[in-house]
Number of protein chains: 2
Amino acid sequence: MKIGLLGHGVVGRGVTEIIDGHFPQITVSSILVKDLSEGNDPRYTTDAYQILNDPRIDIVIECMGGIEPAFTYVKTALENGKHAVTSNKKMLSHHLKELTDTAEANHRSLRFEASCGGCIPWIHELERTQRIDEITSFRGIMNGTTNYILSDMTGSGADFNETLKEAQKLGYAEADPSDDIDGNDVAYKCCISAFSAFHKAVDPDDIPHFGIRHLKKSDIAYAKADGRVIKLIGRGCLNEEKLSVWVMPVMLRGDDPMCLVSSNLNRIELSCRTLGTASFGGQGAGSLPTAHAVVQDVLSIEDSGIPKTWETSDNHIETVRGTYYVSGRDLSLFEPVSAECHDGWVLTHEMSLQELSALMQNSHDVFVCEVSR
Amino acid sequence: MKIGLLGHGVVGRGVTEIIDGHFPQITVSSILVKDLSEGNDPRYTTDAYQILNDPRIDIVIECMGGIEPAFTYVKTALENGKHAVTSNKKMLSHHLKELTDTAEANHRSLRFEASCGGCIPWIHELERTQRIDEITSFRGIMNGTTNYILSDMTGSGADFNETLKEAQKLGYAEADPSDDIDGNDVAYKCCISAFSAFHKAVDPDDIPHFGIRHLKKSDIAYAKADGRVIKLIGRGCLNEEKLSVWVMPVMLRGDDPMCLVSSNLNRIELSCRTLGTASFGGQGAGSLPTAHAVVQDVLSIEDSGIPKTWETSDNHIETVRGTYYVSGRDLSLFEPVSAECHDGWVLTHEMSLQELSALMQNSHDVFVCEVSR
């Protein structure tokens, strides 16, 4: 079995390390790089179509990141009769339906375990569960960077910027951490999870998502005083064909198992009609965990050929209602909808995410967090 | 695909309910019962060999329980060229190596997902992880009855017998709860897990195991005062080919994620060489969760034919050392090995499980619990 690899950054290098070292029956025969000076591997090429048009290549693995040209390359690979494996959550969340349709039309596999939850077998278990049961909802801590920041602030009482700097020093946060701390990364993963769980395509730009950029020490202290812990939670549910997908910080009750997910770890739960809730935890990011998930996909293609395909459809996002804790300097916009107003924070009445989003658009430097029931 | 089902109790009825209702391509064609008066299903038979010798049957599912005749029936099924699926942990823990060898010799599948962790895909993930990584240890809350009792005593401050009665009323504990509360059930599951994780066969009678029969309110209070929670933990690890497997109550630190496993739920973790720890949680017992796991095995056989077999070997159990909290009326035997003696309880020095087992054999009505580091 011959592999063409697109991209040789952190994940791509992990993939070649694992395959070269442990799987003699699988050969990485070409690697697309931006510049041949990236290393002296004889497999390097700067011409993507040398890989995409090579009839000897069975599987194309994409670990380039970014929407284009990654999307075009993966689509072309499928059209050219190759299986495709990708870890690229941003690209997938925008184009999963089109790529799934292309894979199906060409009788090829498209696999993307590495795009959500690192080495947690999340997509695999969503698929496996559906062999028997119907998934009704999922929720999870799906971003290591923000969970590290939240865990550290809760433990040490440090402030946000201090903790972010520490996370960057440890390699848990990127130089530009916006995608993580603003909730975009989790929004991408929730789109992909909703597609796998409910077979409904949804655009990440349509998902209400809130991050932790404006979180303050005093917010953590407020939660603590009430025996609660703040975590950034991505969620999706399907009620009578109505889909809801959203991302936001939640003040969890202290006895919620999510509270004890420490450091940069992830934990995701699925709930289904007859079996209740199943949970999966582990390392949600990093070179080796992500590369392992990519190689698991390659082995699944090697083992079992083409997995069953689903019918998919486009969907609208349903309204979700909740009670929200909002803190910041200027909360005047929130006072009319508040059950409780205090100096520096308010608790809203039960309100919809759409109403909340509208208020947030006109508010600055405000931190918002759901208060779980 | 035709199924012969041995046993039609709680699990067997769940299996026919799922297969009859949802899988037209699979037919349960015969069902072994003790007595035809159990129901008026035309598939009932009291002759096991009518199933085991029927060449039209592809898979035999065993949900009878007990070591014999279950073992003989499963072995005969494999020898007669049928795949076998069983949920029978007691039988498996005594005969897994022999049955695996028989399956391999006959090029048939032996699957036993339902024997550990109910609908948690535990055996499946042990196998899947090993496609790439090496498992070094596992630990888990693997028994719903004792976790219900421990959670309830911790929450309510009730005493053991009161809580056990309540668990029996709710169907979480059997009329004779010995196998659960004395740790035998977890010992069986640890044997099966060790076999799947390390490919080493070990007799359940050789595994040190301690239960919660003599747990008192005051033990729970002691743990609580120290910010700890008592859980019954089964564990296994492999260090340089040396195997350790054991079962005992552990006073976990309050920030251990095991502490928040509530009611009768289960949670099991595996650790591996390159990927760290992965955790899996869900319903660990009950009719439908167990039946789902059985049907997942049937679907895996239908999908993928025969999974890869392992080389196995017999093994000795390695020594494990720890610090133990021991409580009860007569602790005189423990005083010489104690770092701290109090009225009603002692804390031991670091000691081996073998030493502890020897002392326990001569002690009566004593509760013992590891104090985690």
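The values are calculated or read from the model by the stated rules, or taken from the named source; none is laboratory data. Computed from a predicted model, the values in this text were never measured in an experiment. Note that each Cβ is placed from the backbone with ideal geometry, even for glycine, and that neighbours are counted across all protein chains shown.
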With the range B:1-84 as the region, which helices (runs of 4 or more DSSP H) entirely inside it contain at least 2 residues that are small (Gly, Ala, Ser), closer than 26 Å to residue B:285 by Cα and within 14 Å of another protein chain (Cβ to nearest Cβ)? B:10-22
Go through the residues of the range B:294-306 one by one and say whether even a single one is more than 10 Å from chain A (Cβ to nearest Cβ), in a loop (DSSP other than H, G, I, E, B), out of contact with any helix residue (DSSP H, G or I) (no Cβ under 8 Å at 6 or more places or on another chain) and modelled with pLDDT under 95. yes
Flagged in the range B:348-373 as over 16 Å from residue B:210 (Cβ atoms) and at pLDDT 90 or above, in numbering order, are B:349, B:350
Among the residues of the range A:158-174, which ones are of a type outside the set (Ser, Thr, Tyr) and not in a loop (DSSP other than H, G, I, E, B)? A:160, A:161, A:162, A:164, A:165, A:166, A:167, A:168, A:169
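Listed here are the residues, each with its yes/no results for (1) in contact with a His (Cβ under 6 Å, 6 or more places away or on another chain); (2) outside the structural domain of residue A:68 (by TED's automatic domain parsing).
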position	(1), (2)
A:87	no, no
A:90	no, no
A:95	no, no
A:100	no, no
A:119	yes, yes
A:131	no, yes
A:135	no, yes
A:138	no, yes
Counting only residues that are within 12 Å of another protein chain (Cβ to nearest Cβ) and touching a helix residue (DSSP H, G or I) at 6+ places or on another chain (Cβ under 6 Å), the range B:111-123 contains a total of 3
Quick one: would you say residue A:60 is in contact (Cβ under 8 Å) with a residue 40 or more places away in the chain and within 23 Å of residue B:274 (Cα to Cα)? no
Please determine whether any residue of the range B:165-185 is touching a Ser or Thr at 6+ places or on another chain (Cβ under 9 Å) and within 11 Å of residue B:245 (Cα to Cα). no
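Which of the residues spanning the range A:132-142 are within 11 Å of chain B (Cβ to nearest Cβ) and charged (D, E, K, R)?
Once the filter is applied, which keeps residues that are within 11 Å of chain B (Cβ to nearest Cβ) and charged (D, E, K, R), the range A:132-142 yields A:133, A:134.
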Collect the residues in the range B:238-262 that are at the interface with chain A (Cβ under 10 Å from one of its Cβ atoms) and either in a loop (DSSP other than H, G, I, E, B) or surrounded by fewer than 18 Cβ atoms within 10 Å (Cβ to Cβ) (or both), keeping them in residue-number order. B:254, B:255, B:256, B:261, B:262
Residue A:288: over 21 Å from the mean Cα position of the chain (by Cα), within 11 Å of another protein chain (Cβ to nearest Cβ) and at pLDDT 90 or above, yes or no? no
Exactly one of B:145, B:129 is within 14 Å of chain A (Cβ to nearest Cβ), closer than 30 Å to residue A:268 by Cβ and under 22 Å from the mean Cα position of the chain (by Cα), and that residue is B:129
State the number of residues belonging to the range B:263-280 that are surrounded by fewer than 23 Cβ atoms within 10 Å (Cβ to Cβ), more than 9 Å from chain A (Cβ to nearest Cβ) and either at pLDDT 95 or above or under 18 Å from residue B:196 (Cα atoms) (or both). 3
